[in-house]
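I have placed the structure first, in the form of structure tokens, so that the comments after it can refer back to it.
The values are calculated or read from the model by the stated rules, or taken from the named source; none is laboratory data. Everything numeric in this text was worked out from a predicted model, so none of it was measured. Heads up, the Cβs are rebuilt from the backbone with ideal geometry, glycines too, and the neighbour counts pull from every protein chain shown.
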Amino acid sequence: MSKKQKTIQNEISLSGVGLHTGNAVKMTLKPAPINHGFAFCRLDLEGAPIIEARAEYVV
């Protein structure tokens with residue numbers, strides 16, 4: 001069974017206040033290639049690690 005995939009057409013940035021920290025935050029959403037999934041790049045950490053959004057990472 002195939003899954004239908006969708007992505008956004010253009011990059012978009014949002015800014016606001018962090019829910020748990022109250023710190024100012026900025027998030028940029030970018031279109032992804034086919035079969036890429038969701039990932040987060042932590043620009044606030046050394047080396048800007050990329051973290052895949054996976055169910056087993058939820059605590």
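Identify all residues within the range 38-59 that are part of a loop (DSSP other than H, G, I, E, B), of a type in the set (A, V, I, L, M) and surrounded by 10 or more Cβ atoms within 10 Å (Cβ to Cβ); write none if there are none.
Passing the criteria: only 53.
Quick one: would you say residue 5 is at pLDDT 90 or above and in a loop (DSSP other than H, G, I, E, B)?
When the stated conditions are applied, residue 5 does not pass them.
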